Amino acid sequence: MRKILIVIDMQNDFIDAALGTKEAVAIVEAVKEKIRSYPAENIIATMDTHGENYMETQEGKNLPVPHCIKGSDGWQIRPDIAELLTGARIYEKPTFGSTVLAADLKAVSEKEEIELELVGLCTDICVVSNAILLKASMPEVKISVDAACCAGVTPEKHLAALETMRSCQIYVVNG
C-alpha cells in the first residue's frame, strides 16, 4: 500500500499575505512535520495559479481579491515549506480542484493500491474541492484529511467543510 500526501496550496497569499489568516499561520509547523513524515516520492503539492486577468474571471468577480498571480511572491509556496517539497510533483491549478491531479492519481490507483492524505489551505474551498474530486474519481481509495494541518477561511467554515467531507466518506483525523 502506497500512501501519498497531497499538500494543497500552502502559498504565501493564503498564509500571511492577501488572503492569509492567523489560523493558516498556525498550521504551518504541523504541515511541515507531516511533510517530513512522508518519503519525497510520495508527496504531491498544488498551487492555486491565476493570471493577470484574475479580476475578469468568475472567481475574481466573486472573490475580488487578487491572489496567487503566477510569478508573484504571493503565488510562491511558503519558502520553509517549499524546501521540504524538493522532488515533489507540483500541480498548478487555475481553479479550486484539479481534475488533472484526480486523473493522474486515478491512473496510479489502477496500477497499485494507494491511500491519499490531504493537508493545506483552505479547508472549505480547495481542500474540500480536491478531496471530493478524488473521492468521485476513486470511490474505493481511502482518502483522509488531517484537520490539524488544514485551516479554513474562518474557523466555522473549516468545521463545516470537515463535516461535508465526513458525509462524503472522506476520513477526517485530528478534528
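Brief remarks on what is shown
- The set of residues in segment 45-59 that are crowded, with 16+ Cβ neighbours inside 10 Å and among the small types (Gly, Ala, Ser) contains only Ala45.
- Scanning segment 86-110 for residues that are buried (at least 16 other Cβ atoms within 10 Å of the Cβ), under 18 Å from Gln11 (Cα atoms) and of a type in the set (Gly, Ala, Ser) yields Ala88, Gly97, Ser98.
- Test: Gly120 is in contact with an Asp or Glu (Cβ under 6 Å, 6 or more places away or on another chain), of a type outside the set (A, V, I, L, M, F, W, C) and surrounded by 14 or more Cβ atoms within 10 Å (Cβ to Cβ): yes
One line per residue, one yes/no per condition, for (1) modelled with pLDDT under 95; (2) small (Gly, Ala, Ser); (3) within 22 Å of Cys68 (Cβ to Cβ); (4) in contact with a strand residue (DSSP E or B) (Cβ under 7 Å, 6 or more places away or on another chain):
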{"position": "Arg2", "(1), (2), (3), (4)": "no, no, no, yes"}
{"position": "Ile6", "(1), (2), (3), (4)": "no, no, yes, yes"}
{"position": "Met10", "(1), (2), (3), (4)": "no, no, yes, yes"}
{"position": "Asp13", "(1), (2), (3), (4)": "no, no, yes, no"}
{"position": "Asp16", "(1), (2), (3), (4)": "no, no, yes, no"}
{"position": "Leu19", "(1), (2), (3), (4)": "no, no, yes, no"}
{"position": "Val25", "(1), (2), (3), (4)": "no, no, yes, no"}
{"position": "Lys32", "(1), (2), (3), (4)": "no, no, yes, no"}
{"position": "Pro39", "(1), (2), (3), (4)": "no, no, no, no"}
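- Filter result for Glu41 (surrounded by fewer than 19 Cβ atoms within 10 Å (Cβ to Cβ) and over 17 Å from Leu116 (Cα atoms)): no
- Note on segment 69-104: residues that are at pLDDT 95 or above, small (Gly, Ala, Ser) and more than 23 Å from Gly152 (Cα to Cα) amount to 3.
The values are calculated or read from the model by the stated rules, or taken from the named source; none is laboratory data. Just so it is clear, the structure is predicted and the values come from calculations on it, not from any experiment. Here the Cβ is made from the backbone with ideal geometry for all residues, glycine too, and neighbour counts use every protein chain on show.
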